[in-house]
Amino acid sequence: MKRRDFIKVTGLGAAGAAAIAAPAVAQSLPEIKWRMTTSWPKSLDTLHGGAEIMAKMVGEATDNKFQIQTFAAGEVVPGLQVLDAVQNGTVEMGHTASYYYFGKDPTFTFGSSVPFGPNMRINQAWYLMGGGKEILNDFYKAYNVTSLLAGNTGCQMGGWFRKEVNSVDDLNGLKFRIGGFAGRVLQKLGAVPQQIAGGDIYPALEKGTIDAAEWVGPYDDEKLGLYKVAPHYYFPGWWEGGPMLLAMINLDKWNALPKHYQKLLEQAGHYANNWMMAKYDSANPLALRKLIAGGAKLHPFPAPVMEASFKAAKELHAEVAAGNPNFKKALDSLTAFSGAGYSWFQVAEVGYDNFMARRSQS
């Protein structure tokens with residue numbers, strides 16, 4: 001019987017038919033409650049908001065049979081301990097940046113962004129279509145976690161500095177809030193890297209504990225108020241050309257999850273990823289104008305600083321790869337994929353973007 005005829009015979013309207021169908025579906029779903037901790041304070045409503053949206057989508061799609069409660073940094077564990085909390089089962093999942101755990105193994109950097117790595121689109125294409133997800137999840141098994149794509153900020157800014165950076169010499173002795181692989185690169189140039197969670201950056205700059213700090217981009221940076229204590233705003237953040245944010249999931253909990261819930265989590269992560277990119281693309285232009293109006297001084301990194309940083313990064317890539325097979329496997333895969341990606345990207349995409357950028361300023 002056709003659905004329209006069924007409704008006529010039974011006398012049910014569309015709402016009535018839906019009321020019968022929905023409970024039947026919901027009753028077939030198991031009730032599961034998870035907890036997800038993030039590396040972000042609630043004030044960063046795009047980063048933490050991505051985790052909240054992911055959880056909300058899962059709940060709505062299952063009539064709240066699968067509930068995920070989100071916690072901001074510090075509510076369950078500090079922001080830089082999300083991986084540990086997921087690994088040991090304190091929570092079922094976390095929303096974080098993989099490179100925060102570079103100290104455990106440099107291979108973790110590939111789950112976010114490697115210095116002078118690909119842009120947002122190519123980085124995500126490698127993870128989804130170029131074997132990146134398989135390489136990383138095979139590596140993550142040793143830490144009892146698996147990953148899903150759950151966000152991307154796009155190319156980030158180069159950070160806030162108390163004093164101008166006019167040459168490579170100006171990096172010597174600079175106490176810079178920057179973590180992971182990028183910190184090691186800058187260390188080669190004389191800087192002193194400091195890894196500090198987002199919510200602690202402002203007081204560290206204000207007290208002079210650090211001389212400079214990078215975070216994300218105009219929208220989030222404005223929320224942290226960094227321009228009030230370090231007015232020089234540099235670009236680009238060559239260490240984060242297109243950093244992914246991942247949902248890290250306890251491997252035992254993931255394997256025990258029904259297959260349709262696994263697929264639902266994956267799709268909810270993709271939705272959060274797309275939402276986050278769109279949010280930053282819409283919010284960053286206005287925030288940058290506000291920052292400049294508020295006294296921020298915008299600077300590109302000088303070409304010699306960029307070239308020296310690139311050289312140092314490539315040297316460090318080779319050094320780490322020589323003694324770390326997991327790092328080398330991910331690096332070789334990403335390098336080959338991004339090389340092919342840029343050979344295409346520079347044709348239509350770059351040509352069009354450059355033209356439109358000129359026209360928008362005319």
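The values are calculated or read from the model by the stated rules, or taken from the named source; none is laboratory data. These figures come from a predicted structure and were not determined experimentally. Methodologically, a virtual Cβ is constructed for each residue, glycine included, from the backbone with ideal geometry; neighbour enumeration extends over all protein chains shown. For the accessible areas, the whole protein counts, side chains as well, though only heavy atoms, and no ligand, DNA or RNA atoms are used. Shrake-Rupley method; radii C 1.70, N 1.55, O 1.52, S 1.80 Å.
If the only charges are +1 at each Lys and Arg Cβ and -1 at each Asp and Glu Cβ, what is the size of the charge dipole of segment 175-244 around the Cα centre, to the nearest 20 debye?
Dipole of segment 175-244, to the nearest 20 debye: 260 debye.
Can you tell me which of 332, 221, 45 moves the most in a GNM of the chain? Springs connect C-alpha atoms under 10 Å apart.
Residue with maximal mean-square fluctuation among 332, 221, 45: 332.
Restricting the calculation to Cα positions, tell me the Rg (one decimal) and the Dmax (whole number) of the chain in Å.
22.5, 83
Mind pulling the per residue volume of the convex hull built on the Cα atoms of segment 86-143? Å³ is fine.
90
Just name one of 182, 122, 144: the one whose Cα is farthest towards the positive end of the charge dipole of segment 114-182 (beta-carbon charges, Lys/Arg +1, Asp/Glu -1).
Towards the positive end, the residue furthest out is 144.
Provide the solvent-accessible area of residue 35, counting protein heavy atoms only and rolling a 1.4 Å probe, rounded to the nearest 10 Å².
For residue 35, the solvent-accessible surface is approximately 90 Å².
List every residue whose amide H lies under 5 Å from the amide H of residue 158, counting only residues 5 or more places away in sequence or on a different chain, with H placed 1.01 Å from N in the peptide plane.
234, 235, 237
When only alpha-carbon atoms are used, what values of Rg and Dmax, in angstrom, describe segment 21-167?
My reading of the Cα-based Rg and Dmax gives 17.5, 67 Å.
Return the long-range amide H neighbours of residue 113 (sequence gap of 5 or more, or a different chain), with a cut-off of under 5 Å between placed amide H atoms.
So residue 113 has HN proximity to 99, 244.
Between segment 141-190 and segment 69-108, how many Å separate their Cα centres?
If you average the Cα positions of each part, the centres end up 19 Å apart.
Looking only at 233, 352, 219, which one moves most when the chain is put into a Gaussian network model with springs between Cα atoms under 10 Å?
Taking springs between Cα atoms under 10 Å, the residue moving most is 352.
Test of understanding: in a Gaussian network model of the chain with alpha carbons linked when under 10 Å, which of 268, 142, 55 would top the mean-square fluctuation ranking?
142
Treat every Asp and Glu Cβ in segment 279-340 as -1 and every Lys and Arg Cβ as +1, leave all other atoms uncharged, and give the resulting dipole magnitude about the Cα centre to the nearest 20 debye.
Dipole about the Cα centre, nearest 20: 300 debye.
If a paramagnetic tag sat 7 Å from the Cα of residue 252 along the Cα-Cβ line, which residues of segment 64-88 would have the backbone N under 18 Å from that point?
Only 83-88 pass the distance filter.
If I histogram all Cα-Cα distances within segment 103-252 using bins 10 Å wide from 0, what percent of pairs lands in each bin?
11, 38, 33, 16, 2, 0
Where does the Debye-calculated log10 I(q)/I(0) of segment 217-304 sit at q = 0.20, 0.22, 0.25, 0.26 Å⁻¹, using only Cα point scatterers of equal weight, no solvent?
Computed log10 I(q)/I(0) values: -0.98, -1.10, -1.27, -1.32.
So, with +1 on the Cβ of K and R and -1 on the Cβ of D and E, and no other charges, what is the size of the charge dipole of the chain about its Cα centre, to the nearest 20 debye?
700
If the reach is capped at under 17 angstrom between alpha carbons, list the lysines near residue 253, excluding any in the same chain fewer than eight residues apart.
Cross-link targets: 33, 65, 141, 263.
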